[in-house]
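Written out below as structure tokens is the structure these notes cover.
The numbers here are math on the coordinates, done by the rules we state, and not lab data. All of these numbers come straight from a predicted model, not from anything done at the bench. Don't worry about glycine lacking a Cβ; one is built from the backbone with ideal geometry, like all the others, and counts go over all protein chains shown.
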Amino acid sequence: MKFFEEKNDFHLTIYLYSEPSSKTLNLKEIKGYLKQILGDIYVEVRKDFITHLLNSKDINEFSKMLAQCKVRDLSSPEFEMDLLPGEIRYEKKLIEHPDVKLSGILYDGGRLDVAFQSLISQEELDFNNIHIIFTNRLFGTFDEKDSRYHARVIICGYPSIISTTGIVEAPAKSKEFYYLKQKYLMLGMEIPHEIINEKFQGNFIEYDDPRLTEIMKGYVMQSVFYHLIYEPFCKEKNCRLYNAHWQKEVINAQLRDPEFCKKHEKILQDIRTREVKLKNQ
Ligand SMILES: [Zn+2]
């Protein structure tokens, strides 16, 4: 595997893998955006990743691999547990029905990335090929500092994975929202939709949010920056590469001008003109 190149006459191909359960995610629009922002590159929109790459005879084995990525205990990154046949059957069902919305399971992002990478052929696994997978699976990473898992929107790697469930569930909502949620919970209720609309309209991203495609352009760019210069994130809150932990930060970074900070705007210009200095391992 060769992921770093010294030369600047690279010929990138970006593969975008669909996530059919998200009705407002438009990958053709993201394809157009990438071509506009990165210049002369090839972008291919593919079916959902597993359907596209998994050979049907390997479905049982891959279902097992996915079940092994499930987080069992939010406070431990331990995975040595026996799988129940039902868990494997459940994963198989998900593979066969990628358009079904999911909830309730958290996967270890690093392990999921390894499982996904195992499906990519060697010919497509090098510096010139960037694989960006959209999935509705929710994943997290284990944080040694507070010894627990935290849900994430993106895992940057080979491939990169972006979660359409993560964008709703991972970045925190306002304190006022959680206070109200607690209050309703004590009454055995969820916050009524009218109240959410009235008090928080547009303040956080919901499932099938009409802004999803626009927001995901920034996460796709984080994957691209990771691949090209090994630095997916930016410290500037207004830059699309900002690593947001709150919903309001996501909205600010992805939906308000400017798109990128001056530093990243300059790097993008260098990428377009192939003047960029790529990092070598
Ligand atoms: Zn930046």
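Brief remarks on what is shown
- DSSP-defined beta bridges in the range 13-272 - what % are antiparallel, rounded to 5: 30
- For the range 177-245, the Stokes-Einstein estimate of translational diffusion at 20 °C and a viscosity of 1.002 mPa s comes to 147 µm²/s, using the Kirkwood hydrodynamic radius over alpha-carbon pairs.
- Over 27 Å (Cα to Cα) - which of 35/262; 35/175; 31/181; 31/237; 145/237; 217/237 fall in this group: 35/175; 31/181
- Set of lysines with alpha-carbon distance to residue 57 below 18 Å, sequence-local pairs under 8 removed: 92, 93
- Cβ-placed point charges (K, R +1; D, E -1), dipole of the chain about Cα centre in debye, nearest 20: 520
- For residue 172, distant residues with modelled amide H under 5 Å away: 246, 247
- Placing a pseudo-label 7 Å from each Cα along the Cα-to-Cβ vector at residue 262 and residue 179 gives an inter-label distance of 3.9 nm.
- Straight-line cross-link partners of residue 23 among the aspartates and glutamates, defined as a Cα under 14 Å from its Cα and at least 8 positions apart when in the same chain: 48, 99, 206, 208, 209, 214.
- Taking θ as phi - 60° and the Karplus parameters 6.51, -1.76 and 1.60, the scalar couplings of the range 145-154 work out to 4, 10, 6, 8, 7, 10, 5, 10, 8, 9 Hz in sequence order, x denoting glycine and proline.
- Pair-distance distribution P(r) for the range 1-102, from all Cα-Cα distances in 10 Å bins starting at 0: 12, 29, 29, 23, 7 percent.
- Per-q log10 I(q)/I(0), the range 13-272, q = 0.08, 0.11, 0.12, 0.14 Å⁻¹ (Debye; single scatterer per alpha-carbon; no solvent): -0.33, -0.64, -0.76, -1.03
- Candidates 45, 244, 56 compared by Cα position along the dipole of the chain: farthest toward the positive end lies 244, with charges placed on Cβ.
- Over the chain: helical MRE at 222 nm, DSSP H runs n ≥ 4 each giving -39500 (n - 2.57), nearest 500: -11500 deg cm²/dmol
- Candidates 50, 191, 167, ranked by Gaussian network fluctuation over the chain, Cα under 10 Å, top entry: 191
- With q set to 0.09, 0.16 Å⁻¹, the log10 of I(q)/I(0) for the range 49-195, from the Debye formula over equal scatterers at the Cα positions, is -0.34, -0.96.
- A straight chain from residue 194 to residue 84 at 0.36 nm per residue would run longer than the Cα-Cα distance by 35.5 nm.
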